[in-house]
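Peer 1: Just dropping this structure here.
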Amino acid sequence: MSLEKQVMIKMKEAMKSKDQMALGALRAIKNALILAKTEANATDLTEEQEIQIVQKLVKQRRDSAEIYQSQQREDLAEPELAEAEIIAQFLPKQLNESEIEAEVQAIITEVGASGMQDMGKVMGIASQKMMGKADGKTISAIVRKKLA
């Protein structure tokens, strides 16, 4: 089932239960998907494109919440984090840190990376392999630690 259909089903459930927070987050996903389709003049998006869109939405909300928290505005940060959690349901199962480290180590061995000069090579492959399964910042930090 496509992401758009899954979102529509969840939207109907949110409308029935009168869950405004979930409804707002789901509408944001739907709008982003429609916008991406119109920009690309496509009838359907690939699964990879859908994952990228959802990741972007989650990242936007987490970044906003981080800014609000740095300004001691918990009242604004909480809804952002709640929406991020609702949107993140549509991402593949997230890898934990040890799983990411194992993947990164395998990539470093495969590429034959020896130092920080190979970070770009390793990051390119790691980002591709773990797309949607891990946060880019986490991957970058682990790659940096392994290559240092």
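Laboratory data are not the source of any read-out in this text; all were calculated from the coordinates shown. Just so we're clear, the structure is a prediction, and the values are computed from it rather than from any experiment. So basically every Cβ, Gly included, is an ideal-geometry build from the backbone, and we count neighbours across all protein chains shown.
Peer 1: Which of Ala42, Ala25, Ala77 moves the most in a Gaussian network model of the chain with Cα springs under 10 Å?
Peer 2: Ala42
Peer 1: In addition: Can you tell which of Arg73, Arg62, Arg27 shows the greatest fluctuation in a Gaussian network model of the chain with Cα springs below 10 Å?
Peer 2: Evaluated over the chain, the most mobile residue of the options is Arg73.
Peer 1: Another one. Evaluate segment 97-147: find the radius of gyration of its Cα atoms, find its Kirkwood radius, and give the ratio Rg to Rh. Please report the intermediate quantities before stating the final value.
Peer 2: Numbers: Rg = 9.4 Å, Rh = 10.4 Å.
Looking at segment 97-147, the ratio lands at 0.90.
Peer 1: Still on this model: If contacts are Cα pairs under 8 angstrom and at least 6 residues apart, what is the relative contact order of segment 97-147 in percent?
Peer 2: Across segment 97-147, relative contact order equals 47 percent.
Peer 1: Then there's this: With the crude spin-label approximation of a point 7 Å out along Cα→Cβ, what separation in nm comes out for Ala102 versus Ala82?
Peer 2: 3.7
Peer 1: Separate question: With the convex hull built on the Cα atoms of the chain, state its orientation-averaged projected area in nm².
Peer 2: Result: a mean projected hull area of 11.0 nm².
Peer 1: Something else now. With the contact rule set at Cα under 8 Å and sequence spacing of 6 or more, what percent relative contact order holds for segment 17-116?
Peer 2: Relative contact order of segment 17-116: 30 percent.
Peer 1: If you line up the long axis of helix 47-70 against the longest principal axis of the chain, both from Cα atoms, how many degrees apart are they, to the nearest 10?
Peer 2: Rounded to the nearest ten degrees, it is 90.
Peer 1: What is the distance in Å between the Cα centres of segment 6-47 and segment 65-94?
Peer 2: Cα centroid of segment 6-47 versus Cα centroid of segment 65-94: 18 Å apart.
Peer 1: Per residue, what volume in Å³ does the convex hull of the Cα atoms of segment 1-71 enclose? Before the final figure, lay out each step's value.
Peer 2: On the way: hull volume 6.4 nm³, N = 71.
In segment 1-71, the Cα convex hull volume per residue is 91 Å³.
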